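Worksheet: one structure, shown below.
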Amino acid sequence: MLSSNVLRKLDMQDLMVFIAVYEQNSVTGVSEALCVSQSTVSYCLKKLRTGFEDELFINTRTGMRPSHKAGTMYHHVLKILESINLCHAGATAFDPALQPVTFNICAPEYFEQLILPRLLKNFAVAELPVMVNVHKLETDIPAEALRDGSLDLVIGFGPNFHRNHGDFNTRTLLEDDLVCVFDKRAAPPEPRLSLQGFIERRHVFPTPWTSITNMVDGWLAKQARQRQIVARANSYSAALKTITGTDFILTLPRRIQQLLANEAVFKHCEAPKGLPSFTLDMQWSQRVDQDSANTWLREQLIKACAEPEI
């Protein structure tokens with residue numbers, strides 16, 4: 001909404017005259033450039049001065065000198081005209097086939113193991129020159145990098161594992177739960193591990209993303225229990241190798257277990273009843289919500305997650 005009713009009387013020609021006078025310092029030059037009469041230019045200037053309650057341009061021997069207010073207005077008026085031109089032309093749809101493009105995504109290993117291979121395969125099949133740089137997810141969402149465009153998307157776990165930001169949009173990509181994995185020779189006979197059986201085992205803890213807390217220990221704390229962790233591994237694969245030939249237990253996302261835990265070597269059973277499930281969510285800045293390239297990338301991720309292999 002306009003803050004003054006007088007501003008409603010202004011039109012595009014008035015704004016064009018403002019820009020032309022500011023840039024050329026001459027009413028005569030503006031008249032020729034816009035193909036209008038000098039009286040029309042003068043009339044537009046009168047409307048502008050009334051609407052913005054300022055002299056705007058002062059007639060001097062060297063030309064029309066802009067006032068301080070006109071100087072502060074110039075870039076804003078220029079953007080208005082540029083926006084009008086964009087509205088007329090329409091937003092250019094993103095086409096990754098036209099030129100190489102690189103996307104920057106911050107995500108945990110879970111994303112790299114499950115979704116990234118499928119995503120890149122889809123790009124390769126379509127012969128799209130798309131590159132994806134994956135940055136490791138640390139303790140919290142890299143909010144400033146998402147806001148300034150250094151990152152296109154952030155992929156993280158939910159719900160409520162990271163601080164919420166009001167200027168970010170969020171969409172859940174998939175849901176998963178946790179299972180208990182053992183060396184096949186040390187696996188328990190029961191299909192579901194009891195809470196007592198869970199805490200009696202020594203644990204290997206995979207840390208594919210940096211976090212002060214995690215869903216397993218947070219849940220155990222609510223039960224007034226804790227587990228004994230004998231090793232922390234930087235990846236799911238390293239954690240699996242660590243439990244080989246031992247009676248250690250490894251708690252893995254079910255989709256990771258199905259992907260990496262070879263049934264000839266490992267066996268799994270259901271986690272203790274009540275251990276919560278989780279989601280994998282993507283976040284993006286509201287600033288790029290309508291950006292065609294960012295929208296296209298989000299659509300490709302949703303598509304990849306919906307495919308059977310995921």
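Name the residues in the stretch 1-53 that are of a type in the set (K, R) and touching a helix residue (DSSP H, G or I) at 6+ places or on another chain (Cβ under 7 Å), would you? Lay out the reasoning, then the answer.
The first filter runs over the stretch 1-53 and keeps only residues of a type in the set (K, R), leaving 8-9, 46-47, 49.
The answer is K9, K47.
What number of residues within the stretch 236-262 satisfy the criterion of being surrounded by fewer than 16 Cβ atoms within 10 Å (Cβ to Cβ) and in contact with a Lys or Arg (Cβ under 6 Å, 6 or more places away or on another chain)?
Going through the stretch 236-262 one residue at a time, the tally reaches 0.
Can you go through V216, V179 and tell me which one is crowded, with 20+ Cβ neighbours inside 10 Å and either among the small types (G, A, S) or touching a residue at least 12 places away in the same chain (Cβ under 8 Å) (or both)?
Within the list V216, V179, the selection yields V179.
Filter the stretch 53-72 down to residues that are within 20 Å of K9 (Cα to Cα) and in contact with a Ser or Thr (Cβ under 9 Å, 6 or more places away or on another chain) and give me whichever is surrounded by the fewest Cβ atoms within 10 Å (Cβ to Cβ). Give the derivation first.
Of all residues in the stretch 53-72, those within 20 Å of K9 (Cα to Cα) come to 53-57, 69-70.
Right, trim to in contact with a Ser or Thr (Cβ under 9 Å, 6 or more places away or on another chain) and you get 53-57.
Working: E53: 10, D54: 15, E55: 15, L56: 21, F57: 20.
Among them, the one singled out is E53.
State the number of residues belonging to the stretch 274-305 that are out of contact with any strand residue (DSSP E or B) (no Cβ under 7 Å at 6 or more places or on another chain) and closer than 26 Å to T251 by Cβ.
Final tally of qualifying residues: 3.
All but one of (1) in contact with an Asp or Glu (Cβ under 7 Å, 6 or more places away or on another chain); (2) surrounded by 12 or more Cβ atoms within 10 Å (Cβ to Cβ) hold for V132; state the number of the condition that does not hold.
Only one criterion in (1) in contact with an Asp or Glu (Cβ under 7 Å, 6 or more places away or on another chain); (2) surrounded by 12 or more Cβ atoms within 10 Å (Cβ to Cβ) is unmet by V132, namely (1).
Readers should treat all values here as calculations from the given coordinates under stated rules, not as data from a laboratory. Please read these numbers as outputs of a predicted model, since none were measured by experiment. In this analysis, Cβ positions are derived from the backbone assuming ideal geometry, glycine residues included, and neighbour counts consider all displayed protein chains.
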